[in-house]
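Values quoted throughout were computed directly from the atomic coordinates according to the rules given, and no laboratory measurement underlies them. Bear in mind that the values here come from a model prediction, so they are computed numbers and not experimental data. When we count neighbours, we look across all protein chains shown, and the Cβ atoms used for this are built from the backbone with ideal geometry, even at glycine.
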């Protein structure tokens, strides 16, 4: 069953090295994981691997360009990729706005609960597979 979830990658974007490492360690056994430390690097990976990425999950609060910026570019240039925003809830209005405008298609709470995170990623990768099927 794990191989089924490796047909498309999950791209996680965060400017905190520890978060990138933890996400990779938590998810790499079941999912194909790509990471980037800036929103711009995340967009470059999306552009380069547009047919291989099923889900993009940027952290909302990054130092320069935000996760919402990245999701906006993903929506514009790669609408087939499922867009989830990782948020610690520090700005609920911005989180809700990104959902309401369709920039994000869902939220992932930080800190993660490992089982819930994996379950959500499984479901979203299946949705990505169906959307391209």
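Using only alpha carbons, build the gyration tensor for the range 5-79 and give me the equivalent ellipsoid semi-axes, biggest first, whole Å.
The answer is 18, 16, 8 Å, longest axis first.
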Expected max-MSF residue from 68, 108, 53 in the GNM of the chain (alpha carbon, under 10 Å) is 108
The alpha-carbon center of the range 60-133 and that of the range 4-49 are separated, in whole Å, by 13
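Before anything else, pin down the relative contact order of the chain: Cα pairs under 8 Å, at least 6 apart, normalised by residue count, whole percent.
23
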Protection proxy ranking, peptides 88-98, 42-52, average beta carbon neighbours within 10 Å, highest first:
42-52, 88-98
Starting from the alpha-carbon convex hull of the range 2-126, give the projected area averaged over all orientations, in nm².
6.7
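Go through 58-67, 25-34 and give me the packing order, highest mean Cβ count within 10 Å leading.
58-67, 25-34
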Do the sum for the chain: with -39,500 (n - 2.57) for every DSSP H run of n ≥ 4, divided by all residues, what is the mean residue ellipticity at 222 nm, to the nearest 500 deg cm²/dmol?
-13500 deg cm²/dmol
